[in-house]
Every structure is written in structure tokens, then in C-alpha cells.
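Here is the structure we will look at.
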Amino acid sequence: MQFKDVIGQSATKQHLVEMVEQNRLSHALLFLGREGSGTLPLALAFAQYVVSQPVASPEVADLFGGFTALESKPSFLTPEQVVGASAFQRAEQLIHPDLHFSYPVIPRKSGDKPVSTDYISEWREFITQFPYGNVYDWLQFIGAENKQGNITADECNDIIRKLSLKSFESEYKVLVLWMPEYLGKEGNKLLKLIEEPPPNTLFILVAENDEQILPTILSRCQLVKIPSLENNEVEQALVERAQANVETARQIAGICEGNYREALQLLQHSDEDWQSLLRDWLNATLKGGPLAQVKFTEEVSKLGREKQKQFLRYFNHLLELSVRIKVLGAGQLMMGDNERDFALRLNKIASVSQQQAIIEELDRAAYYIERNANAKMLFQALTIKLYHIIQNKTLILNN
């Protein structure tokens, strides 16, 4: 993983390189960012960059009482230079002996006490295929199904053992600990190691929610905040990496709110005609009456949870566009003609306060869908709420 493989985050990349270049590297860093912002790929790129730096040349006393390096080696390599180093080739394949990983795992069978190294082959494959995946993707990748992943006391003991050894070939020993939110009270075992690590030992914790991390660990780390991706960065990545067409990429980038993982999921279902489905729903709600509403509820309940959430998210996206059009004007926003037309129609049937109320109901519905709410009951109730929010305005959203 190279810095150039990480989407966006140019300012953060520059900051990290300067930390190494200026010898300001803290012994414990916390990379904190929302899902899909690239915290894990960025942490991997940085870890591989650090372990690929040249080892400082040993010095010996010379005839004149001074000290001289046995051989001349550069003290610092840039991200471009480090790619040619043999150490980087091993680090990129996640097989460098001084690069260690820790992540949530599950027991393969009852009574097992698993540690991360038991799943290292799966981890390498997962990183290659899903660098922007979340912990749910990882647990499904290793066949967890409904099992809860954990970073256990045995894992903490294994971390202490590995980091107590001398480095094999690099100046630094680096541990990338993904999702410290999964560290229970057992994480207190690591406090002394994090606070007073062996020389040239670097902890890189990669997290999404600092409120779920043990405060004792949090207080010992230097925070590196990873911002969400910009819409144009997501759009460009979808076009260049996922071969999406520009119009689809722009639409998805507007919906996913800087979450590249979510963008890839939306792209898988980009052939879905959410706009027509939404038009049918509003027509059934405002004009069609109970029979049309029940028919729609039956139809949408067959979609499955992920598609239902994407449908609600798309409705939210159009409502947000509608509000922005009222504030900034349609000419100031980049959007497709169909979306602009639909957003303008939404402004005709609902005021800003009504749109805000609808957004809140849609967010609440998406929350319940994630928790396996009955889809028919949920969408029927949501339809009734939409009717009462919009009241009796009956504009039909035709093509």
C-alpha cells in the first residue's frame, strides 16, 4: 500500500511524512476517522513507509577520537524513494518481520483462544480485496456469521511478546491495531507497553469511534484525525478505480457522504431506478389512497434490507438537494438534470421545515431497518407519517 493508493487525504499524508522526516514520530498514534474515509489504508501505507526506512548506520571511534559511520546511508527516504527498497516489497505484501497486526477475531471452534496471527492469511487477502472494508466485512470474510469478534487477553499477551523482541531488520517495530473499540478491559494489559515501549516501537491504532476506546489507552496516544472524503474525491475514485460512468459516480458521491465503502456498495446497485420507485411512493402517498399505499409497501418490502436503506438514503439525498436549491439556487449546484427536476418538484410539495421532518423520519426508519424491523409495518407507518407531514398537497410527480 502506497500513499498514492489512498484516496485523497493529501494534507494528512504530508503531515505524516513530515513527522518521519523531522524525527517527530510519537510512539503511539491514533488514526481516527469515519467508516470509508480511508483510515486503515492510510495507516497501512504509513506503517509500510516507516518500516522501510533505512537503518541508521552504526558509528565507531576513529583515530582522532571522533565517531564515524561504518558506511554512508541516507537517513530518510521519501515516499517515492522508499518504493524501490527491498524492505518495502515485503512490507507491501504484509510479510515484513517488523510489521505486526492486531484485529478482531473469532474462535474457529469451541474452546479456541484465537490470536490475530491465526488469521494472517485471511487478513492479507482481505486487505488486498477490500482495503476500505469495515469490521463487519472482515468478520463475514472469516465466516463469523453471527459471532462477535474480539481482541482478547490472549491477543494482548501476544502483542506484548512480539513487541518485546528486537527488530529483525528495520529501525522500527510497528504494530497496526485495527478497531481498538473491540478491546475490552483486557486492553489495560497494554498500558505499560504503550506508555513505555521498547526503543523504536510504534503503535498505530486505527479507529472509527473514540468514545468506545478505553480512556486509559486513548490518553496515551497522539491523535491523527482523518477527515471524510470530499465528493469530488469519491467521484474521481469511482471513475478511475471502479470504472463507473461520470454521471453515476457524481450521483453516488452526493449520496455516500464521503464514505467510499458505501459508495462501492451503492455502485453495485446503481442500475436500480430509485427515482421511479420514489415517484411511485409519493404518488401513492399523496394521491393513490390506501390501496396504492399497500401495493407500494408490498413491493418495497421485497427489496431486502440493504436496498431499502439505499432507497431511503437516496430520498434523503434528494431532500438535501432541495434545501440547497432553495438556499443557493439551482445554478450553483452540480447535479444531473433528472435530480434537479425532482428536487425542484419536492420544493413545490414541501417547505424546508416539512423536508426536515421527513429527513428525520427517514433516518429513524433506516435505523430500524438495520435492526431487522418488519419492512411492511415500517414502510406502512412511514407512508402515513409522510402523508400527515405533507398534508393534502396532491402534486403528482410525473415524468
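The values are calculated or read from the model by the stated rules, or taken from the named source; none is laboratory data. Every value quoted in this text rests on a predicted model; they were computed, and no experiment measured them. Neighbour counts run over all protein chains shown; Cβ positions are idealised from the backbone, glycine included. Accessible surface is based on the protein model in full, side chains and every heavy atom, while ligands, DNA and RNA are left aside. Shrake-Rupley method; radii C 1.70, N 1.55, O 1.52, S 1.80 Å.
Within the range 25-55, the set of residues being open to solvent by 10 Å² or more (accessible area, probe 1.4 Å) and more than 21 Å from the chain's Cα centre (by Cα) comprises 25, 26, 27, 53, 54, 55.
Restricting the first member to the range 259-287 and to residues that are farther than 17 Å from residue 349 by Cα, and the second to residues that are at pLDDT below 80 and surrounded by fewer than 17 Cβ atoms within 10 Å (Cβ to Cβ), the beta-carbon pairs closer than 8 Å and six or more apart or on different chains are 265/306; 269/306. Any residue in the range 176-187 that is buried (at least 16 other Cβ atoms within 10 Å of the Cβ), in contact with an Asp or Glu (Cβ under 9 Å, 6 or more places away or on another chain) and of a type in the set (Ser, Thr, Tyr)? No, the range 176-187 contains no residue that is buried (at least 16 other Cβ atoms within 10 Å of the Cβ), in contact with an Asp or Glu (Cβ under 9 Å, 6 or more places away or on another chain) and of a type in the set (Ser, Thr, Tyr). Taking the criterion of being in contact (Cβ under 8 Å) with a residue 24 or more places away in the chain and either open to solvent by 80 Å² or more (accessible area, probe 1.4 Å) or among the aromatic types (Phe, Trp, Tyr) (or both), the residues of the range 131-142 that qualify are 132, 138.
Exactly one residue among 87, 28, 45 is closer than 28 Å to residue 264 by Cα and at pLDDT 75 or above, and that residue is 45. Applying the criterion of being among the aliphatic types (A, V, I, L, M) and surrounded by fewer than 18 Cβ atoms within 10 Å (Cβ to Cβ) to the residues of the range 324-358, the residue that is modelled with the lowest pLDDT is 334.
Within the range 104-117, the presence of at least one residue that is modelled with pLDDT of 80 or more, part of a helix (DSSP H, G or I), surrounded by 12 or more Cβ atoms within 10 Å (Cβ to Cβ) and out of contact with any Cys (no Cβ under 6 Å at 6 or more places or on another chain) is confirmed.
Filtered by the rule that a residue be over 16 Å from the mean Cα position of the chain (by Cα) and open to solvent by less than 40 Å² (accessible area, probe 1.4 Å), the range 4-24 gives 13, 16, 17, 19, 20.
In this structure, residue 186 does not qualify as within 19 Å of residue 126 (Cβ to Cβ), touching a strand residue (DSSP E or B) at 6+ places or on another chain (Cβ under 8 Å) and of a type outside the set (A, V, I, L, M). Just one residue in the set 225, 189 is among the basic types (Lys, Arg) and in contact (Cβ under 8 Å) with a residue 40 or more places away in the chain; that residue is 225. Could you tell me whether residue 291 is among the aliphatic types (A, V, I, L, M), surrounded by 21 or more Cβ atoms within 10 Å (Cβ to Cβ) and assigned to a helix (DSSP H, G or I)? Here the answer is no, as residue 291 does not meet what is asked. Of 155, 92, 186, all but one fail to be modelled with pLDDT under 90 and more than 22 Å from the chain's Cα centre (by Cα); the exception is 186.
Of the numbered criteria (1) open to solvent by less than 60 Å² (accessible area, probe 1.4 Å); (2) over 25 Å from residue 33 (Cα atoms); (3) assigned to a loop (DSSP other than H, G, I, E, B); (4) not polar (S, T, N, Q), the one residue 145 fails is (1). Checking the condition closer than 30 Å to residue 313 by Cα, touching a helix residue (DSSP H, G or I) at 6+ places or on another chain (Cβ under 9 Å) and among the basic types (Lys, Arg), which residue from 189, 173, 225 passes? After ruling out the rest, the residue left standing is 225. Here the range 298-312 is the region considered, the condition is being of a type in the set (A, V, I, L, M, F, W, C) and open to solvent by less than 30 Å² (accessible area, probe 1.4 Å), and the residue that is farthest from residue 366 (Cα to Cα) is 300. Considering the range 188-206, and only residues there that are touching a Phe, Trp or Tyr at 6+ places or on another chain (Cβ under 9 Å) and not in a helix (DSSP H, G or I), the residue that is most open to solvent (accessible area, probe 1.4 Å) turns out to be 200.
Yes or no, residue by residue, for (1) touching a Ser or Thr at 6+ places or on another chain (Cβ under 9 Å); (2) within 27 Å of residue 242 (Cα to Cα):
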| position | (1), (2) |
| --- | --- |
| 122 | no, yes |
| 157 | no, no |
| 160 | no, no |
| 170 | yes, no |
| 177 | yes, no |
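Among the residues of the range 225-284 satisfying the criterion of being over 30 Å from residue 14 (Cβ atoms) and not in a helix (DSSP H, G or I), which is most open to solvent (accessible area, probe 1.4 Å)? Looking at residues that are over 30 Å from residue 14 (Cβ atoms) and not in a helix (DSSP H, G or I), I get 271. Would you point out the residue of the range 163-175, among those that are out of contact with any Asp or Glu (no Cβ under 6 Å at 6 or more places or on another chain) and outside any helix (DSSP H, G or I), that is surrounded by the most Cβ atoms within 10 Å (Cβ to Cβ)? So the residue we want is 174.
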